[in-house]
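Note sheet for the following structure.
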Amino acid sequence: QVQLVESGGGLVQAGGSLRLSCAASGRPFSSYVVGWFRQAPGKEREFVAVISWSGGSTYYGDSMKGRFTISRDNENTVYLQMNSLKPEDTAVYYCAANRQVLSRTPRAYDYWGQGTQVTVSS
């Protein structure tokens, strides 16, 4: 079992930045693929970014490219740096993990955090 806890959300003005963290406990995190997803009210969960177990491969949702950066340290934390935030980025952000595949699909992930709210004001 892996337990995931997100932090770093909050209220920011359009054009601002936030850095989200996903801290893992339980099994060693270094062998897991980690993804970030977000969900706005009334909308489906949306792929944001994913990083391989080594950190050598990363992929982003189309609207995040050039603004968001996913990274991981050598221990148990994955980060999502979000720059040039827009009101449409407002959502609950979730991190998720699996041991098998770099996927954009939520159902490919076995473990999920509880989410952190990001609100971008115009």
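Read-outs throughout are calculated quantities, based only on the coordinates presented, and are distinct from any laboratory measurement. Predicted, not measured: the structure shown is a model, and the values here were computed from it. Every residue, glycine among them, receives a Cβ derived from its backbone with ideal geometry; neighbour counts consider all protein chains shown.
If the chain between Lys43 and Asn74 were fully stretched, how many nm would it gain, using 0.36 nm times the residue separation less the Cα-Cα distance? Please report the intermediate quantities before stating the final value.
Values: separation 31, 0.36 × 31 = 11.16 nm, distance 3.40 nm.
In short, 7.8 nm is gained.
Among Ser30, Ser21, Ser54, determine the one that fluctuates most according to a GNM of the chain built with springs between C-alpha atoms less than 10 Å apart.
The residue with the greatest mean-square fluctuation here is Ser54.
Mind giving me the nanometre distance, one decimal, between the label points for Gln81 and Trp53, set 7 Å out from Cα along Cα→Cβ?
2.6 nm
Give me the net charge for the shell around Gln1: Cβ to Cβ below 14 angstrom, other residues only, Lys and Arg +1, Asp and Glu -1. Show your work: numbers first, answer last.
Values: positive: Arg27, Arg99; negative: Asp110.
That sum, taken over residues with Cβ under 14 Å, equals +1.
Of Val92, Val33, Ile70, whose Cα points farthest to the positive end of the dipole of the chain (charges on the beta-carbon: +1 Lys, Arg; -1 Asp, Glu; origin at the Cα centre)?
Val33
Got the relative contact order for the chain handy, in percent, Cα pairs under 8 Å and 6 or more residues apart? Please report the intermediate quantities before stating the final value.
Numbers: 310 pairs, mean separation 44.1, N = 122.
Once divided by the residue count of the chain, the mean separation gives 36 percent.
Please identify every one of the GluC sites (Glu not before Pro) in region 1-65 that sits in a loop by DSSP and has no more than 14 other beta carbons within 10 Å of its own beta carbon. The partial results should precede the final answer.
Working: sites: Glu6, Glu44, Glu46; in loops: Glu44.
Qualifying residues, ordered by number: Glu44.
Once you have a ≥ b ≥ c as the square roots of the Cα gyration tensor eigenvalues for region 77-121, tell me rounded if a/c is under 1.5, and otherwise prolate or oblate according to whether a/b is larger than b/c.
Numbers: a/c = 2.26, a/b = 2.13, b/c = 1.07.
Prolate.
Classify region 32-113 as rounded, prolate or oblate from the Cα gyration tensor: take a ≥ b ≥ c as the square roots of its eigenvalues, call it rounded if a/c is under 1.5, otherwise prolate when a/b beats b/c and oblate if not. Mind showing how you got there, number by number?
Numbers: a/c = 1.86, a/b = 1.30, b/c = 1.43.
Because a/c hits 1.5 or more and a/b fails to exceed b/c, region 32-113 counts as oblate.
In nanometres, what is the gap between the two model label sites at Arg99 and Leu11, each 7 Å from Cα along Cα-to-Cβ?
Taking the simple label geometry, Arg99 and Leu11 are separated by 4.3 nm.
Mind telling me which of Ser84, Ser52, Ser103 comes out most flexible in a GNM of the chain, alpha-carbon contacts under 10 Å?
Of Ser84, Ser52, Ser103, the most mobile in the Gaussian network model is Ser84.
Quick check for me: using +1 on Lys/Arg Cβ and -1 on Asp/Glu Cβ, what's the dipole size of region 28-101 about its Cα centre, in debye to the nearest 20?
Once rounded to the nearest 20, the dipole reads 60 debye.
For the chain, with a Gaussian network of springs between Cα atoms less than 10 Å apart, report the residue from Val34, Val92, Val48 with the top mean-square fluctuation.
Val92
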